[in-house]
Structures are given as C-alpha cells and as structure tokens.
1. Given H placed 1.01 Å from N in the peptide plane, which residues other than close sequence neighbours of ILE89 have an amide H under 5 Å from its amide H?
2. Is the chain rounded, prolate or oblate when judged by the Cα gyration tensor, a ≥ b ≥ c being the square roots of its eigenvalues, rounded requiring a/c under 1.5 and prolate requiring a/b larger than b/c?
3. Per-residue counts of other Cβ atoms within 10 Å, averaged by peptide: what ranking do you get for 182-188, 91-97, highest first?
4. Which value, in debye to the nearest 20, describes the size of the charge dipole of the chain about its Cα centre when Lys and Arg Cβ atoms bear +1, Asp and Glu Cβ atoms bear -1, and nothing else is charged?
5. List the aspartates and glutamates whose Cα sits under 14 Å from the Cα of LYS125, skipping any in the same chain fewer than 8 residues away.
6. Give me the net charge of VAL132's neighbourhood, meaning all other residues with Cβ under 9 Å from the Cβ of VAL132; Lys, Arg count +1, Asp, Glu -1.
7. My understanding is that a pair violates if its Cα-Cα distance is over 31 Å; which of LYS97/LYS153; LYS71/LYS95; LYS76/LYS97; LYS41/LYS67; LYS41/LYS113 do that in this structure?
8. Kindly provide the GluC sites (Glu not before Pro) of the range 47-155 that DSSP labels as loop, not H, G, I, E or B, and whose Cβ sees at most 16 other Cβ atoms within 10 Å.
Amino acid sequence: MQNYIIQKGNINILLSAPHCVNHLREGRIKSREINTDTLLKEIYKVKKVNIIYKTESLNEDANYDEKSVYKEACEKFVKENNIKFFIDIHGMSYKRKEDICIGTGRGRNIYNKTDIVDNIENKFKDFGYEYVTIDNPFSAVNRNCVSSYISRKCGIPAVQIEINTRYRIEEKEIERLVHCMCEIIDILN
C-alpha cells in the first residue's frame, strides 16, 4: 500500500518529509512534524526539485523502523532517477535551543565530504539562523534513519535537516526557509 506522494522535478536532488503525519514508534503515537510537507511543496513550486512526503502512517516510522514502504520508495526513486543528493527534512521541538541541526551520521552519510555540510551550514547562517549544529543533538547515525539508509543503499550523500518548530509555523518564516533551501539546492546542484 502506498503511503506517500512523489512529485517529480528536474533537479537531481530528492527532498523527503517522512514525519509530516502522526506515526507509530515502539507502540506509541508520535505527533506529526508540522509543515514539513508544506515546506517541500513550497520549495517544489519554486525549484521543481523532486519531493516525497508521507500521506499516512501505516503504523510505522520510516525514520526508525528497519523496514518501511516509504524508505523503499525513496531508494527506488533515487536509483531510477539518477538522484545525486538526498535531504530528509524533520522538525524539532520549539523547546530546543538549536535553530537547525544537520545530521550527517558523523560524516558517514556524506562520505566525509565536509565541504557539503559547511556550505549548508553557512547558507542557513546567511539567512539568519544563528544556532546551527552538526550531528548534535540529531546525528542520523542510526542505520534505520532515512538519510543513513539512502546513503548506504544508493551510494549518494544524504543529510537529515532538523528545523525548529518556531520556523515552521508562521508563513513569513516558512517563506524564509523556502528561500534558504532553494539556495542550498543551487549550491548542491
């Protein structure tokens, strides 16, 4: 059963939002990460980059469970469409002090190409996100994380980007994120 939507673009990058719906982790329902899918849809309107996002849970967590229809769909799309870079978008609590966290699997998921992360980090800072961290508190080191899985299975660099809720609520903040992510896509492309 399909529990996601893919919108095909014309840039060899795939953006993902697996937690935009409530999901089940270890028998407990976890709330959706608000507007992560909205962010992808808005980026798609501007850049026509490939996007995939969840539409329902199917009682699984793509970023935690070993097997996931969603992860398999990401893998298939990457392999069939010559995707060169994968970005998995997540949301972190407004209670956290970090604005943005870039998870690289401690370098493993980006094949230790630190210039990639430096460019992403610098672009977020250019857009006024002051507290940008790398691999802390979210490293995406777990092999079941979508970005770790895609990097390993497809042989491409992949990052997990955690965005604080305070930047995913107001329209003007989402707009700022869209512009920032579009410039990040330009750099990666």
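1. Sorted by chain and number, the residues that satisfy this are SER16, ALA17, ILE161.
2. Taking the square roots of the gyration eigenvalues as a ≥ b ≥ c, the chain is rounded.
3. Ranking the peptides 182-188, 91-97 by packing returns 182-188, 91-97.
4. In debye, rounded to 20, the chain gives about 340.
5. GLU98, ASP99, GLU183
6. -3
7. LYS97/LYS153; LYS76/LYS97, as the Cα separations exceed 31 Å there.
8. GLU56, GLU66, GLU130
Every number in this text was worked out from the coordinates using simple rules, so none of it is lab data. Predicted model, so just to flag it, every value in this text is computed and none were measured. When we count neighbours, we look across all protein chains shown, and the Cβ atoms used for this are built from the backbone with ideal geometry, even at glycine.
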